[in-house]
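Contents: one structure, followed by commentary.
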Amino acid sequence: LAQKNPFITFVLGGPGSGKGTQCEKIAETFGFTHLSAGDLLRKEIISNSEEQNTILDIIKDGKIVPSEVTVKLILKAMESSHSDKFLIDGFPRTEENRVAFERIIGLEPKAVLFFDCPEKEMVQRVLNRNQGRLDDNIDTVKKRLKVFKTLSLPVVEYYSKKGKLHKINAVGDEDEIFEQVRAVFGAPEV
Ligand code: UP5
Ligand code: MG
């Protein structure tokens, strides 16, 4: 990686907790480059990559794509950006993801945001989204929630113990939530 010491923030939270929405605001306000792991994977599905069918099947089933695949996509996106401030949205989702990132990229996040949202609210938001995502149906949402609780919450707990976690109450309107996020990053650079 050309950037020797990039500022990496992991953005975690369950399906529909508002990661993407808040990342856009953070990117705009604080000059971060926003990389959504899910978006990178969805781009692979519509490309001619060898892994397109594997990725599609996994996402449709709400499961986790092998770490090597996701980490490579994140690394490629970081390398092709000249930024040195990244928001990595929706990754790592498992302890194995987290370890693979550290091993392959050799970096740790400086901060981790966690959007804490009740399940009922998350389900409602995902089912209301209506943007044609193949995993936005009740069956897949249930699976995504289960995977989040069993595999992703331990990652949240790991960063909490390390003192890197910033827990955000993800209920409320977007601007209210962003005020909590803003406090994490401080005054925007001028
Ligand atoms: N909305 C946003 N904020 C709101 C608010 N405050 N009040 C009311 N509504 C609000 O928001 C979701 C919806 O809610 C939108 O319609 C929004 O307008 C509204 P969004 O900001 O999109 O939430 P987000 O947390 O980004 O939800 P998303 O569905 O993207 O989260 P997921 O974590 O489920 O999806 P992701 O794209 O990260 O991953 C998809 C799948 O890819 C995974 O299930 C998995 O199969 C695979 N994957 C991997 O295998 N590995 C990875 O590393 C990453 C993904
Ligand atoms: Mg998202």
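What residue, of Ile138, Ile168, Ile177, Ile88, is touching a helix residue (DSSP H, G or I) at 6+ places or on another chain (Cβ under 8 Å), of a type in the set (Val, Ile, Thr) and surrounded by fewer than 20 Cβ atoms within 10 Å (Cβ to Cβ)? One residue alone meets the criteria, Ile138.
Whether any residue in the stretch 157-179 is assigned to a helix (DSSP H, G or I), at pLDDT 95 or above, within 15 Å of Leu113 (Cα to Cα) and near ligand 1 (Cβ under 10 Å from one of its atoms) is what I want to check. Within the stretch 157-179, one or more residues are assigned to a helix (DSSP H, G or I), at pLDDT 95 or above, within 15 Å of Leu113 (Cα to Cα) and near ligand 1 (Cβ under 10 Å from one of its atoms). Is at least one residue of the stretch 107-114 farther than 23 Å from Leu75 by Cβ and assigned to a helix (DSSP H, G or I)? The answer is no, given that none of the residues of the stretch 107-114 is farther than 23 Å from Leu75 by Cβ and assigned to a helix (DSSP H, G or I).
Working carefully through the options Arg103, Arg93, Arg98, find the one that is surrounded by 17 or more Cβ atoms within 10 Å (Cβ to Cβ), not in a loop (DSSP other than H, G, I, E, B) and not aromatic (Phe, Trp, Tyr). Within the list Arg103, Arg93, Arg98, the selection yields Arg98.
Every residue, every condition in (1) buried (at least 16 other Cβ atoms within 10 Å of the Cβ); (2) within 15 Å of ligand 2 (Cβ to nearest atom), yes or no:
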| position | (1), (2) |
| --- | --- |
| Ile8 | yes, no |
| Leu12 | yes, yes |
| Pro15 | yes, yes |
| Gly18 | yes, yes |
| Ala27 | yes, yes |
| His34 | yes, yes |
| Gly38 | yes, yes |
| Lys43 | no, yes |
| Asn48 | no, no |
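Kindly indicate whether Ile88 is touching a Phe, Trp or Tyr at 6+ places or on another chain (Cβ under 9 Å) and either assigned to a strand (DSSP E or B) or over 27 Å from Val184 (Cα atoms) (or both). Answer is yes for this residue.
The values are calculated or read from the model by the stated rules, or taken from the named source; none is laboratory data. Note that this is a predicted model, so its numbers are computed, not measured. Neighbour counts are summed over all protein chains in view; Cβ atoms, including those assigned to glycine, are modelled from backbone coordinates with ideal geometry.
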